[in-house]
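Here the structure comes first, spelled out in structure tokens, and everything after it is commentary.
The values are calculated or read from the model by the stated rules, or taken from the named source; none is laboratory data. This is a predicted model, so every value here is computed, not measured. FYI the Cβ positions are ideal-geometry reconstructions off the backbone, even for glycines, and counts take in every protein chain you see.
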């Protein structure tokens, strides 16, 4: 009798799946009151593979042949097997959990970033545990869960309330990464190229004839805020443009943008640079109410979804969220991240109607300085 067809991959897989199902059925008939789930050892024995093969089949990125992985996963679905996360943690000493530390959820940019980041981590088999740090709270108490759950890595997302000592305590003994926060050379950082973004927006205002520019800041003492403001003022000076005034409520919010615009309007700027989109949306509405929306251009930074709404149509600098997420996932999962600590990724200028209006001044358009 020829056995070559019997042991072909397709027939063999079907055979072992049937055998596995019958084996589990037999076990349950022998002990119908048993409530214990099927173990990886039982699954491996029933379909004729090693227990390590079962483990690799459920581990994203592990070394296992695709047909074998498919056969194990199909058999697992048919007999109701699910890997035991706690047992896996005890065996590998890894939780596959990434702690996300945030402190500015009122800014719409961060929920959008978090959504894509959690999805990106899930695609490589990592789950997330979020810590929302609020000003004035006992930060050590809020972060004690990082040690309680023994997370494998910590991602700090613009948690400005964390000082250097607390940041070192929270990230001790695990891989750490900063998102949209600068100023820590010993911790890997992924962010937008804020300098290039601010300069790009000033260049756009210059090209559209603006020469008198106001600035509404967010957090003036944060490294991100200082970087954007420094690049903004430097480029103004290089192009011979005038800064009519600067204001800040020390928060990135709609109300702060509204108040900032009203403070700058009397100084008669022909454009206002808002340090974030949520500031710009408040500023645009304030200018509409003041009757100067057709006289003063506005730019923002981030490109949150509301910026594209017809009622705002805000010109802004789009942060490369997808690239930021991809680089973050890469740095958290690669065996050796490499010597580079700062990864500043280029974004994109998005031109909309908020800068399409004619400038009040009749200033001649001069060639753009290099």
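Among all residues of the stretch 234-245, there is none that is within 30 Å of residue 103 (Cα to Cα), under 20 Å from the mean Cα position of the chain (by Cα) and surrounded by fewer than 20 Cβ atoms within 10 Å (Cβ to Cβ).
Each residue in the stretch 286-310 was checked for being in a loop (DSSP other than H, G, I, E, B), within 22 Å of the chain's Cα centre (by Cα) and without any contact (Cβ under 8 Å) to a residue 60 or more places away in the chain, and 1 of them qualify. Across the stretch 280-311, the number of residues qualifying as touching a strand residue (DSSP E or B) at 6+ places or on another chain (Cβ under 9 Å) and over 20 Å from residue 179 (Cβ atoms) comes to 12. Going by the structure shown, is residue 283 assigned by TED's automatic domain parsing to the domain that holds residue 301, under 14 Å from residue 297 (Cα atoms), in contact (Cβ under 8 Å) with a residue 60 or more places away in the chain and part of a loop (DSSP other than H, G, I, E, B)? In short, no. Checking the structure you have, find out if any residue of the stretch 187-195 is surrounded by fewer than 22 Cβ atoms within 10 Å (Cβ to Cβ) and modelled with pLDDT of 95 or more. Yes - at least one qualifying residue is present in the stretch 187-195. In the stretch 143-245, counting only helices (runs of 4 or more DSSP H) that sit wholly within it, the ones holding 2 or more residues that are closer than 20 Å to residue 297 by Cα and not assigned by TED's automatic domain parsing to the domain that holds residue 99 span 194-207, 223-239.
Among the candidates 136, 183, single out the residue that is surrounded by fewer than 22 Cβ atoms within 10 Å (Cβ to Cβ), on the phi > 0 side of the Ramachandran plot, modelled with pLDDT under 75 and out of contact with any helix residue (DSSP H, G or I) (no Cβ under 8 Å at 6 or more places or on another chain).
Numbers: 183 fails: out of contact with any helix residue (DSSP H, G or I) (no Cβ under 8 Å at 6 or more places or on another chain).
136 is the lone residue from the list that is surrounded by fewer than 22 Cβ atoms within 10 Å (Cβ to Cβ), on the phi > 0 side of the Ramachandran plot, modelled with pLDDT under 75 and out of contact with any helix residue (DSSP H, G or I) (no Cβ under 8 Å at 6 or more places or on another chain).
Look through the stretch 246-270, keep the residues that are in contact with a strand residue (DSSP E or B) (Cβ under 8 Å, 6 or more places away or on another chain) and over 28 Å from residue 105 (Cα atoms), and return whichever of them is surrounded by the most Cβ atoms within 10 Å (Cβ to Cβ). So the residue we want is 269. Within the stretch 246-275, being outside any helix (DSSP H, G or I), within 23 Å of residue 207 (Cβ to Cβ) and in contact (Cβ under 8 Å) with a residue 40 or more places away in the chain holds for 268, 269, 270, 271, 272, 273, 274, 275.
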